[in-house]
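Working notes, beginning with the structure itself.
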Amino acid sequence: MSLQLDFPAVLERWPSFLAGAVLTLELAAFATVLGALLGTLAAVGRGTHNALIAGACKAYVETIRNTPLLVQIFLVYFGLASLGLKFSAFTVAVAALTINVGAYTAEIMRAGFEAIPRGQIEAAEGLALSRLQIYWHIILLPAIEKVYPALTSQFVLLMLASSVCSQISAEELTAVANYIQSDTYRAFETYIIVAVLYVILSLVMRAGFWGLGLVLFPRRRRLGTPL
Amino acid sequence: MGGHLNINHLMFLGQGALWTVGLSVIALIGGGIVGFVIALARISPLKSVRIASAVYVQLIQGTPLLVILFLGYFGLAAIGLKVSPLAAAGASLTLYVAAYLGEIWRGCIQSVPKPQWEAAEGLALSRTQRMTKVILPQAIRIATPPTVGFMVQIIKNTSLASVVGFVELMRSGQIVNNSLFEPFAIYAIIAVTYFAMCYPLSLFSQKLEQRMGRGRSTLAPA
């Protein structure tokens, strides 16, 4: 039982770690933006009166939420390949993460939509706002404001989950770690460093979303409560 | 190479599915025990205990499960313990699940109405009596729906144990795929199997939540 840790031997690979961390953030950023769009559309779709669209959106959300991300990534990876489409590992990773986080975002956004009081919409109709104006100002923006903390947590979890993309050889942080540990035989040190980097990344993301929230929701900043 | 999917392959996948269930149960029991301690530590009267448990939760929740699994697998080996993939995966999942269940349960314990705590104190119950006789019986009712919901996350997350060589459903799918090379069909079967395990639990959790008259929580690690 002797544990000898040699961090310098691993730390000298810092440019690789840095490149991996940057790619992880890029993956997270793309998937967050695209997933937020997809999820919002799915949440809107689930609320429509068209049974076909609502059913399709529900099926999408439930399928994704009840299967592992790892399986989804492989299905997208091999599914695109079997269709004869060739994409980079990065593109496939963004696509799979977007599809995944879209389903969770849809559930969060649905909760936001359901929390909009009926009277608020009726009041907007009474003020002769157009349908589009009502959707944008009275439903969508207040809903986002309400569920913003939940969305933030979900997107941080997405960043952490992007580590799974190492399995299709997207060169993000975990993939870099796998490579370095097989090269240096310093597995324990490598993964400790990577764990610390992930904790830092998640703190940075939380701080970023907090700052973004202050800019996006001035009302919340002044009153301390969502609309 | 070659050949078609036959009954032997399906039997092998079925065996993998059983190990997925087994590993999930290990993670639930191990994570449940440690998570309960974490939940109590988070509301301990001792500040140092509160801080230590909060740091633990923050560290685990800020690290991907995949990295925790690698740390468990290589870390236990680095301190000279020879561990099987099952032990490494079980230990890592226990640590991971404990951080999330601990936070969920802390929330449930704290959501027991304040007058209940005060009444128990007013009846001169000791701290232990107050917890076991007044607070926990009510907290368990509140905690049941989110815990069942989290079991879905546990089952899905055991798929990551495949990367440290534990032959559960995902890994057995990869092994079958290595001999047949029909990835799309095989991973589709795997996905359907996971769905069949998870969806009933999701529905059950939703039912429980509706019965409790609470909104459903959608936050979940992917």
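The values are calculated or read from the model by the stated rules, or taken from the named source; none is laboratory data. All of these numbers come straight from a predicted model, not from anything done at the bench. Note that each Cβ is placed from the backbone with ideal geometry, even for glycine, and that neighbours are counted across all protein chains shown. In case anyone asks, the SASA skips ligands and DNA or RNA and just uses the protein heavy atoms, side chains included. Shrake-Rupley method; radii C 1.70, N 1.55, O 1.52, S 1.80 Å.
A few points about this structure:
- Close pairs from the stretch A:110-121: first more than 13 Å from A:L141 (Cβ to Cβ), partner of a type outside the set (F, W, Y) and surrounded by fewer than 12 Cβ atoms within 10 Å (Cβ to Cβ), Cβ under 7 Å, at least 6 apart: A:A111/B:G215
- Given (1) farther than 30 Å from A:D6 by Cβ; (2) surrounded by 14 or more Cβ atoms within 10 Å (Cβ to Cβ), index of the condition A:R118 fails: (2)
- Matching residues, the stretch A:51-96, being more than 9 Å from chain B (Cβ to nearest Cβ), among the small types (G, A, S) and within 27 Å of A:A29 (Cβ to Cβ): A:S88, A:A89, A:A93, A:A95, A:A96
- Considering the stretch A:14-63, the residues that are touching a helix residue (DSSP H, G or I) at 6+ places or on another chain (Cβ under 9 Å) and among the polar types (S, T, N, Q) include one that is farthest from B:V192 (Cα to Cα), namely A:S16.
- Here the stretch A:145-185 is the region considered, the condition is being open to solvent by less than 20 Å² (accessible area, probe 1.4 Å) and not hydrophobic (A, V, I, L, M, F, W, C), and the residue that is nearest to the other protein chains (Cβ to nearest Cβ) is A:S163.
- Test: A:E122 is out of contact with any strand residue (DSSP E or B) (no Cβ under 8 Å at 6 or more places or on another chain), of a type in the set (D, E, K, R) and not in a helix (DSSP H, G or I): no
- Positions within the stretch A:14-30 being more than 14 Å from the chain's Cα centre (by Cα) and of a type outside the set (A, V, I, L, M, F, W, C), in sequence order: A:P15, A:S16, A:G20
- Among residues of the stretch A:51-63, those that are open to solvent by 20 Å² or more (accessible area, probe 1.4 Å) and of a type in the set (V, I, T), counted: 2
- Leading residue by the ranking (surrounded by the most Cβ atoms within 10 Å (Cβ to Cβ)) among those in the stretch A:1-36 that are closer than 28 Å to A:I73 by Cβ and of a type in the set (S, T, Y): A:T24
- Scanning the stretch B:32-87 for residues that are outside any helix (DSSP H, G or I), of a type in the set (V, I, T) and away from chain A (no Cβ under 12 Å) turns up B:I43, B:V83.
- If only residues of the stretch A:1-50 that are under 24 Å from A:I144 (Cα atoms) and hydroxyl-bearing (S, T, Y) are counted, the one that is farthest from the other protein chains (Cβ to nearest Cβ) is A:T48.
- Considering residues of the stretch A:186-226 that are loosely packed, with under 14 Cβ neighbours inside 10 Å and not in a helix (DSSP H, G or I) only, the residue nearest to the other protein chains (Cβ to nearest Cβ): A:T225
- In the stretch A:83-101, the qualifying residues are those that are within 21 Å of A:A36 (Cα to Cα) and of a type in the set (S, T, Y), and the one that is most open to solvent (accessible area, probe 1.4 Å) is A:T91.
- The residues listed here are B:A87, B:A77; of these, the one that is over 18 Å from the mean Cα position of the chain (by Cα) and open to solvent by 10 Å² or more (accessible area, probe 1.4 Å) is B:A77.
- A single member of B:I43, B:I29, B:I38, B:I51 is within 22 Å of B:C108 (Cα to Cα), without any contact (Cβ under 8 Å) to a residue 12 or more places away in the chain and under 22 Å from the mean Cα position of the chain (by Cα), and it is B:I29.
- Test: residue in the stretch B:67-81 that is in contact (Cβ under 8 Å) with a residue 24 or more places away in the chain, farther than 17 Å from A:T174 by Cβ and in contact with a Ser or Thr (Cβ under 9 Å, 6 or more places away or on another chain): no
- Among the helices (runs of 4 or more DSSP H) confined to the stretch B:107-187, the ones with at least 3 residues that are among the charged types (D, E, K, R) and open to solvent by 60 Å² or more (accessible area, probe 1.4 Å) are located at B:114-122.
- Annotation note: of B:G35, B:G80, the sole residue that is of a type in the set (G, A, S), at pLDDT below 95 and over 23 Å from A:L69 (Cα atoms) is B:G80.
- Against the numbered list (1) within 25 Å of B:E168 (Cα to Cα); (2) in contact (Cβ under 8 Å) with a residue 12 or more places away in the chain, A:P68 comes up short only at (2).
- Any hit, the stretch A:132-144, residues being in contact (Cβ under 8 Å) with a residue 24 or more places away in the chain and open to solvent by 40 Å² or more (accessible area, probe 1.4 Å): yes
- Candidates in the stretch B:90-106 are the residues that are open to solvent by less than 10 Å² (accessible area, probe 1.4 Å) and touching a Phe, Trp or Tyr at 6+ places or on another chain (Cβ under 7 Å); of these, the one that is nearest to the other protein chains (Cβ to nearest Cβ) is B:A99.
- Qualifying residue in the stretch A:134-146 (condition: under 24 Å from A:A9 (Cβ atoms) and in a helix (DSSP H, G or I)): no
- Residue under evaluation A:T67, criteria (1) open to solvent by 50 Å² or more (accessible area, probe 1.4 Å); (2) part of a loop (DSSP other than H, G, I, E, B), criterion not met: (1)
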